[in-house]
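A short write-up of the structure that comes next.
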Amino acid sequence: MTTLVDRPTPARNRSGARTGRRVAVTVGAALVLLLAVLASFALGSRPLGVDAVWHALVAPDGSDASTIVRELRMPRTALGLAVGLALAVAGVLFQALTRNPLAEPRILGISAGASFGVVLAISVFGVGTLAGYVWFGIAGALVAGLLVFAIATRAREGASPVTLVLVGAALDASLASGVYALLSIDARTFEEYRFWVVGGLAGRDLGVTAQVLPFVLVGLLLAALVARGLDALALGDDVARGLGHRIGLVRLTGGLAAVLLTGAAVAAAGPVAFVGLAVPHLARALVGADHRWTLAVSALLGPALLLGADVVGRLVAPPGEIPAGIITALIGAPLLAVLVRRARVVTA
């Protein structure tokens with residue numbers, strides 16, 4: 001009797017090797033994030049050992065170390081996790097929806113909408129707390145996103161990538177003008193806005209993270225749901241339709257996810273630069289253009305980059321510190337330049 005043996009084909013072997021590499025990269029990214037979290041708890045103007053951090057987390061005793069960990073470093077670490085994840089995933093979504101490798105959370109006017117909401121909160125409603133800014137920032141981002149998609153869908157070619165970018169750029173310029181106009185006539189608004197606009201994690205308590213976390217979780221869920229649709233969009237609208245995807249629904253769902261993530265992140269931490277631009281490119285260079293893997297790795301590397309930048313900002317000029325948004329720009333620009341030089345910038 002002859003026995004037929006199903007031998008692995010070369011294509012199957014390549015697919016298995018690619019999946020194994022992606023799993024290894026994802027595990028590595030998770031370890032990098034774990035180290036960033038540990039550094040965020042341990043490093044600062046007063047360094048703490050791992051044992052002191054652990055004791056403060058599981059058995060707080062009112063000591064100075066316990067106070068530093070739980071009241072100062074825990075809130076900014078939690079916010080860094082949420083904001084870094086949100087910005088990185090939003091960057092992946094914007095680059096996929098617009099088919100523009102240089103797209104990032106500011107490209108559709110979403111960040112400008114959040115900024116305009118915060119300025120209105122300060123100048124018109126007299127809000128003076130970071131927690132109070134959050135709701136206005138999220139509302140401004142949502143309104144800006146709705147305006148972009150509403151205007152783009154009325155264009156002759158519909159909400160195409162080019163139309164979205166053009167409408168977003170116009171709205172961004174208009175909202176930026178409104179922000180500068182309000183700042184120029186109110187010195188108090190300018191002083192309060194200046195602290196928020198540089199982007200950072202300092203001064204925020206756990207209440208701010210609790211405010212934005214539901215928006216981040218919903219945005220992350222929506223992003224996961226459209227991952228396969230984004231892969232199809234990368235092949236072109238006609239091919240995506242031929243594969244059975246409803247491209248209008250994919251764009252709407254992905255756009256809503258990106259708006260929620262960007263609005264929550266910018267409202268909580270200010271317009272942090274380069275996380276949403278550089279991290280998606282790094283993720284694609286590591287795991288390829290499959291959006292299921294790109295989203296997962298970006299969700300790990302984004303907070304790792306932001307927390308790392310926050311730690312660097314604490315260490316370079318003690319006892320003062322440099323806001324994380326400035327450090328991410330300093331880190332992100334060379335990182336993106338290296339990726340471009342090595343021709344590893346992969347389009348969405």
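The values are calculated or read from the model by the stated rules, or taken from the named source; none is laboratory data. None of these values were measured; they are calculated from a predicted model. Positions of Cβ are backbone-derived with ideal geometry, glycine not excepted, and every protein chain shown enters the neighbour counts.
General observations
- From the options G44, G62, residue that is touching a helix residue (DSSP H, G or I) at 6+ places or on another chain (Cβ under 8 Å) and not in a helix (DSSP H, G or I): G44
- One residue from L81, L57, L146, L102 being farther than 21 Å from V311 by Cβ, out of contact with any Ser or Thr (no Cβ under 8 Å at 6 or more places or on another chain) and assigned to a helix (DSSP H, G or I): L146
Residue-by-condition table, conditions (1) under 30 Å from S160 (Cα atoms); (2) of a type in the set (A, V, I, L, M, F, W, C); (3) out of contact with any Pro (no Cβ under 7 Å at 6 or more places or on another chain):
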position	(1), (2), (3)
L33	no, yes, no
A56	no, yes, yes
V92	yes, yes, no
I138	yes, yes, yes
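- Number of the condition not met by L97 [criteria: (1) modelled with pLDDT under 90; (2) part of a helix (DSSP H, G or I); (3) aliphatic (A, V, I, L, M); (4) surrounded by fewer than 22 Cβ atoms within 10 Å (Cβ to Cβ)]: (4)
- Among the helices (runs of 4 or more DSSP H) confined to the stretch 196-247, the ones with at least 3 residues that are without any contact (Cβ under 8 Å) to a residue 60 or more places away in the chain and surrounded by fewer than 19 Cβ atoms within 10 Å (Cβ to Cβ) are located at 206-225, 237-242.
- The residue that is farthest from V250 (Cα to Cα), counting only those in the stretch 144-188 that are basic (K, R) and free of Cβ contacts under 8 Å to residues at least 40 places away in the same chain, is R156.
- Any hit, the stretch 10-21, residues being surrounded by fewer than 16 Cβ atoms within 10 Å (Cβ to Cβ) and either closer than 16 Å to G302 by Cβ or at pLDDT 90 or above (or both): yes
- For the stretch 173-192, the count of residues that are among the charged types (D, E, K, R), over 20 Å from the mean Cα position of the chain (by Cα), assigned to a helix (DSSP H, G or I) and surrounded by fewer than 20 Cβ atoms within 10 Å (Cβ to Cβ) is at least one.
- Matching residues, the stretch 257-314, being without any contact (Cβ under 8 Å) to a residue 24 or more places away in the chain and buried (at least 24 other Cβ atoms within 10 Å of the Cβ): A309
- Among the candidates A285, A258, residue that is closer than 16 Å to V89 by Cα, small (G, A, S), within 14 Å of the chain's Cα centre (by Cα) and assigned to a helix (DSSP H, G or I): A258
- Residue in the stretch 122-143 that is nearest to G109 (Cα to Cα), counting only those that are of a type in the set (F, W, Y) and in a helix (DSSP H, G or I): F136
- Of all residues in the stretch 105-121, those satisfying the criterion of being crowded, with 24+ Cβ neighbours inside 10 Å, part of a helix (DSSP H, G or I) and touching a residue at least 40 places away in the same chain (Cβ under 8 Å) are I110, S111, A112, G113, A114, S115, F116, G117, V118, V119.
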